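This report concerns only the one structure given below.
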Amino acid sequence: MRPSPVPAAAGVYGWHFEKAPCPDLDAGRLLYVGIAPRYMANRTSTQNLRKRVRYHYRGNAAGSTLRLTLGCLLGIELRRVGSGKRMTFGKAGEATLSQWMAENARVCWIERDEPWTMESELISQLDLPLNLDQNRHNRFHSRLTEVRSQARQRARELAVSA
């Protein structure tokens with residue numbers, strides 16, 4: 001494994017895509033922002049930019065709202081796994097999504113000691129269609145909410161995946 005250029009520090013990260021995950025979104029522009037760590041009153045988080053970015057690239061839909069969103073927009077079938085409470089795209093679907101991200105996803109970041117102080121401002125001032133939290137004003141919000149809801153409903157109707 002080669003060294004990561006992403007710092008093991010707190011900050012804000014942004015995602016843009018060479019090819020948009022659906023025709024309604026423009027390719028090449030910023031579509032999603034996230035922070036690491038999240039604000040945690042009275043607790044210390046071990047999250048940092050490197051861990052979050054790595055998880056978005058290599059994790060699964062159960063732990064990454066970005067992966068959940070991208071997979072749903074790309075039409076990858078969401079499935080219940082394990083005990084049936086968690087939902088991912090399964091081994092093959094997550095691999096398909098990881099490959100799509102390797103080919104299309106680009107991430108940028110800025111280090112900030114308290115990134116949660118910037119998150120609301122960025123979401124309110126920028127057009128970030130893949131962010132749902134704090135972003136009801138975005139024109140894509142209701143469509144994305146519906147796409148994800150339908151994927152979850154379909155997953156509930158299917159047998160738990162091995």
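The values are calculated or read from the model by the stated rules, or taken from the named source; none is laboratory data. The shown structure was predicted, so the numbers you read here are calculated from the model rather than taken from an experiment. We place every Cβ from the backbone using ideal geometry, glycine too, and count neighbours over all the protein chains shown.
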Residues located in the range 116-139, provided they are among the hydrophobic types (A, V, I, L, M, F, W, C) and closer than 28 Å to Ala92 by Cα: Leu130, Leu132
The range 17-31, subset of a type outside the set (A, V, I, L, M, F, W, C) and under 18 Å from Arg139 (Cβ atoms), residue surrounded by the fewest Cβ atoms within 10 Å (Cβ to Cβ): Pro23
Residues that are in a loop (DSSP other than H, G, I, E, B) and surrounded by fewer than 19 Cβ atoms within 10 Å (Cβ to Cβ), drawn from the range 136-149: Arg136, His137, Arg139
The one condition in (1) assigned to a helix (DSSP H, G or I); (2) of a type outside the set (D, E, K, R); (3) under 13 Å from Cys72 (Cβ atoms) that Leu132 fails to fulfil: (1)
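Results for (1) out of contact with any helix residue (DSSP H, G or I) (no Cβ under 9 Å at 6 or more places or on another chain); (2) of a type in the set (D, E, K, R); (3) crowded, with 17+ Cβ neighbours inside 10 Å; (4) modelled with pLDDT of 95 or more, shown as yes or no for each residue.
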| site | (1), (2), (3), (4) |
| --- | --- |
| Leu78 | no, no, yes, yes |
| Thr96 | no, no, no, yes |
| Ala105 | no, no, yes, yes |
| Gln125 | yes, no, no, yes |
Near pairs, Cβ below 6 angstrom, 6+ apart or cross-chain, from the range 62-77 (within 14 Å of Gln150 (Cα to Cα) and free of Cβ contacts under 8 Å to residues at least 12 places away in the same chain) to any residue that is surrounded by fewer than 22 Cβ atoms within 10 Å (Cβ to Cβ) and of a type in the set (Phe, Trp, Tyr): none
Single residue of Arg139, Arg143, Arg154 found to be closer than 22 Å to Gly28 by Cβ and over 18 Å from the mean Cα position of the chain (by Cα): Arg139
